[in-house]
Amino acid sequence: MPIPALPTTPFGVIKETWKPWLEALEAWQPSREVVRPHLYQPAGDRNIVRERLSAFPGTIEQYRKAAESALEAEILSPDKGLRAVGTLIGRATACANWWLLSLDERAARRAWEISLAIMEWPRWVADEHLPLTIDLKSAAAVQALSNVLDRMSDWLQPDQKATIANCLQDRGVLPFVAIHDSHGEWWTYSLHNWRSVIDGAFGIAAIAVRDTLPTDMVKRALKHSVIGVLTVLDQGDEDGGWYEGVSYWSYGIGEAVQFMDVLQRITEGRVDLFTHPYIGKTGDFCLYETWPDGRVHNWGDCGDRVNAAALMARLAAARQRSDWQAYVRKFPAAPSIESLFWEDPSLQASDLASLPRAKHFRGTQVAVIRSGWADDDVIVGLKAGETTANHSHLDMGSFVINCGRHCLVADAGHWPYAHSLGFFDLDFPDGARWDFPGLATECHSTILMDGQGQQYGEGRDAVIVACADGDDYAYATIDATSAYPNAARFVRYVLLIRPDTIVVVDDLASPSRCRFGWRVVVPEVPVRGNSIKEWSLTTSDGSASLSIRCLLPGEENGLLAEVSQLAASYPATSTQANPTCQTLTFSNLVRARQATFAVAMRVTRGPLMPPAIEVERIYRGLKIHALNAGKETWAIMWGEPGVRKLTCTPG
């Protein structure tokens, strides 16, 4: 996504749509009398936190164990390296939490000692983010100190409170405002998770010390935070999607919502960012992109497992969405102290079976088509979008197939960051990011052209040009032509024939003779070939199988098939990374300027069953015949985006 022009005023360009919130903020007069704790709960009532958490004894035990671990550990000093400050942040918060819940004096003393260590740390910015003076780690530091001040106010002596408040002011709020006023660091005009995380955390810090900061400085900081959060919310697409993927949505939008919740509470509802239009839609993104066992459609740099129950509970409560509440019930998670009051217990969960079975997030350009909402139904996720989106991979036109607990056609997903190796060096073709196979095209279920993949850059995008749901089928069509430097045409049609059959048809062309590689990423289990065009795999627990049949090109024109395994090892930023990738690839033997690939797949929960699919070439198109219990026919016409159902002949 392009970086917008640098604003020329301290607050940048103020959109008309933002003015009601900003005017409400300007009219609000913050009280100088602060009764703590108050950030995430009714002010001054410690007992209500204990009472509410008593329903989650496992969570209380986790808090106790985290505090005991912090009590036993040494207090790390700067010579341990900057990453140690992240450990201290977690330990300070753990001890403050436990004091709030138990009044354990040992935890309070250790929280103070660790807070002193954090405050004495020369800098909070990660090495890989220099020369910035504020980053995600410093946001976490000010958030931890804000929590210690808020939760331990009854224990802290006046001089100790002043020490924390002065640090939050001098190393937190004042530099935050100065950098925003001058737009001195790139994150002040970013459009992704950095903006909402930093602006949200420092906004909460300003609220935490509003009894010691001048009121005009508190409101100036909050104005920057509100504008930053609104800027990020405005990037969400019209259907609720998020261009960084589900895990970055959970992080970036989650941190924004945490700030929004605190701001709404402290202003007694006067400044309510939950009325932003995106908040009324974005729960759909998590709902549709989460599989029945809690894994997610993990495109880009995203991890494959996200529990967003707390975030979804807050969104559901804000907009009274019973379908989002169904997510909360399906993926229950004990709340944290921060999210303890987010759920509306009176909101009933609806039956997901009544929801549409196809969803296209038009701004993000991802889609989901599914056979149903039961736990063992087949789900197909499709990916298009912009190669320049934050955390994007070169994965345009890719798809995944999920059934129950298993992803039968997968995505490379998250390869651990390796800043020292140029993991975020984006320039194509020399940027080191694209040397990582898991980030380039080769580890995604899409097309290679003469072994070459897609290219990063403006205009190197893909679009879902159609997505529709029928009674017994659904389809989506992707045009990924522009993502390739050497493609004249790449249009992919994905047809789900309910309940268990998927047909992928690719209309391909190149300016010169080309070997097209039709590739799928598959689980690391044996992939067996019955013939060059028929392959299958079964999950390690035997609960699901996938049969794959290449229908076009036929063997009469020459066909190649290859199963390959790739293993990588490299020093990631915080660990030694050892990712792997297994792929199945069909290719035309003789290079051609045009090719049609048609591959049918069938998911089964018992013995393997081949897809009962035939294809028939027609003038300017292709017919797809499903032969189970009769004959059903669909037609694809080249140059048209849709898939049309033609006939249904009973068996």
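How large is log10 I(q)/I(0) at q = 0.12 Å⁻¹ when the Debye formula is applied to the Cα atoms of the chain, each weighted equally and without solvent?
-1.25
Please state the shape class of the range 575-642: rounded when a/c is under 1.5, otherwise prolate if a/b exceeds b/c and oblate if not, all from the C-alpha gyration tensor. Before the final figure, lay out the partial values.
Numbers: a/c = 2.46, a/b = 1.32, b/c = 1.86.
Oblate, since a/c reaches 1.5 and b/c is not below a/b.
How much of the accessible area of the range 539-651, probe 1.4 Å, is carbon plus sulfur, in whole percent? Spell out each step's value before the answer.
Working: 2840 of 5570 Å².
Carbon-and-sulfur percentage of accessible area, whole number: 51.
When ranked by the protection proxy of mean other Cβ atoms within 10 Å per residue, highest first, what sequence do the peptides 192-203, 388-399, 590-601 form?
Those peptides, ordered most packed to least, come out 192-203, 388-399, 590-601.
Filter Lys223/Lys330; Lys65/Lys281; Lys15/Lys330; Lys223/Lys359; Lys359/Lys645 down to the pairs with a C-alpha to C-alpha distance above 30 Å, please. If you can, show how the numbers build up before the last one.
On the way: Lys223/Lys330 37 Å; Lys65/Lys281 38 Å; Lys15/Lys330 38 Å; Lys223/Lys359 36 Å; Lys359/Lys645 19 Å.
Long pairs (Cα-Cα over 30 Å): Lys223/Lys330; Lys65/Lys281; Lys15/Lys330; Lys223/Lys359.
When the label point is put 7 Å from the Cα of Val590 along its Cα-to-beta-carbon vector, which residues of the range 518-549 have a backbone N closer than 18 Å?
Those under the cut-off are none; the list is empty.
Could you give me D for the range 386-490, from Stokes-Einstein at 37 °C and 0.692 mPa s, where the hydrodynamic radius is the Kirkwood radius over C-alpha pairs? Units µm² s⁻¹, please.
Working: Rh = 14.9 Å.
D, rounded to a whole number, is 221 µm²/s.
Quick check on packing: order 632-644, 370-382 by the mean number of other C-beta atoms within 10 Å, highest mean leading. Walk me through the numbers on the way to the answer.
Details: 632-644: 17.5, 370-382: 20.3.
So the peptides 632-644, 370-382, ranked by packing, come out 370-382, 632-644.
Run the numbers on the chain and let me know its relative contact order in percent, using alpha-carbon pairs under 8 Å that are six or more apart.
That works out to 9 percent.
May I ask you to give the solvent-accessible area per residue for the chain, in square angstrom, as obtained with a 1.4 angstrom probe?
The answer is 38 Å² per residue.
Tell me, for the chain, which Cys residues have no other cysteine's C-beta sitting closer than 4.7 Å.
Cysteines of the chain left without a disulfide-compatible partner: Cys95, Cys167, Cys286, Cys302, Cys403, Cys407, Cys467, Cys514, Cys550, Cys648.
Charges at C-beta only: +1 for Lys and Arg, -1 for Asp and Glu. How large is the resulting dipole of the chain about its Cα centre, in Debye rounded to 20? Could you put the intermediate results ahead of the total?
Working: 62 positive and 77 negative charges, 155 e Å.
Dipole size: approximately 740 debye.
For the chain, what does the helix formula give at 222 nm: sum of -39500 (n - 2.57) over DSSP H segments with n ≥ 4, over the residue count, nearest 500 deg cm²/dmol? Before the final figure, lay out the partial values.
Details: 14 runs with 189 residues, N = 651.
The per-residue figure over the chain is -9500 deg cm²/dmol.
GluC sites (Glu not before Pro) within the range 46-98: which are DSSP loop residues with at most 11 other Cβ atoms inside 10 Å? If you can, show how the numbers build up before the last one.
Numbers: sites: Glu51, Glu61, Glu68, Glu72, Glu74; in loops: Glu74.
Listed in order of number, the matching sites are Glu74.
Specify which residue in the list Val366, Ala353, Leu340 is farthest towards the positive end of the charge dipole of the range 314-401, using unit charges on the beta carbon of Lys, Arg (+1) and Asp, Glu (-1), about the Cα centre.
After comparing all options, I get Val366.
Work out, in µm²/s and without decimals, the Stokes-Einstein translational diffusion coefficient of the range 29-156 at 37 °C, 0.692 mPa s, Rh from Kirkwood over C-alpha pairs.
Working: Rh = 15.4 Å.
It diffuses with D of about 213 µm²/s by this estimate.
Rounded to two decimal places and with Rh computed the Kirkwood way over Cα pairs, what is Rg over Rh for the range 143-236? Walk me through the numbers on the way to the answer.
Details: Rg = 13.7 Å, Rh = 13.6 Å.
Radius of gyration over Kirkwood radius for the range 143-236 works out to 1.01.
Out of the range 209-273, which GluC sites (Glu not before Pro) are coil in DSSP terms and have no more than 13 other C-beta atoms within 10 Å?
Within the range 209-273, the qualifying GluC sites (Glu not before Pro) (loop, at most 13 other Cβ atoms within 10 Å) are Glu238, Glu268.
Carbon and sulfur: what percent of the range 347-435's accessible surface (1.4 Å probe)?
On the way: 1420 of 3040 Å².
With neighbouring chains kept in place, the figure for the range 347-435 is 47 percent.
At a threshold of 8 angstrom on Cα-Cα distance, excluding pairs fewer than six apart, so keeping six or more, what relative contact order does the range 91-163 reach in percent?
34
For the range 46-195, what does the relative contact order come out to in percent, with C-alpha contacts under 8 Å and a separation of six or more?
Relative contact order, the range 46-195: 19 percent.
Report the one residue of Pro571, Val465, Leu71 whose Cα lies farthest in the direction of the positive end of the charge dipole of the chain (charges on C-beta: Lys and Arg +1, Asp and Glu -1; origin at the Cα centre).
Going by the Cα projections, it comes out as Val465.
Using amide H atoms built in the peptide plane, which far-off residues or other-chain residues are under 5 Å from Ala577 H to H?
So Ala577 has HN proximity to Tyr570, Ala572.
Wrap a convex hull around the Cα atoms of the range 415-471, take a quarter of its surface area, and give that in square nanometres. Before the final figure, lay out the partial values.
On the way: hull surface 24.0 nm².
So the mean shadow area of the Cα hull is 6.0 nm².
Taking H placed 1.01 Å from N in the peptide plane, check which residues at least 5 places from Leu355 or on another chain put their amide H under 5 Å from its amide H.
The list, which skips near neighbours in sequence, is empty: none.
What does the convex hull of the Cα atoms come to per residue for the range 284-420, in Å³?
Values: hull volume 17.6 nm³, N = 137.
Output value, Cα hull per residue: 129 Å³.
Tell me, what is the Rg over Rh of the range 499-634, with Rh the Kirkwood radius over Cα pairs? The partial results should precede the final answer.
Working: Rg = 17.2 Å, Rh = 16.6 Å.
Ratio value, two decimals: 1.04.
The values are calculated or read from the model by the stated rules, or taken from the named source; none is laboratory data. Quick caveat, the model's predicted, so the values are computed rather than measured. Every residue, glycine as well, gets a Cβ built from its backbone with ideal geometry; the counts of neighbours run over all protein chains shown. Just so you know, the surface numbers come from the protein's heavy atoms only, side chains and all, with ligands and any DNA or RNA stripped out. Shrake-Rupley method; radii C 1.70, N 1.55, O 1.52, S 1.80 Å.
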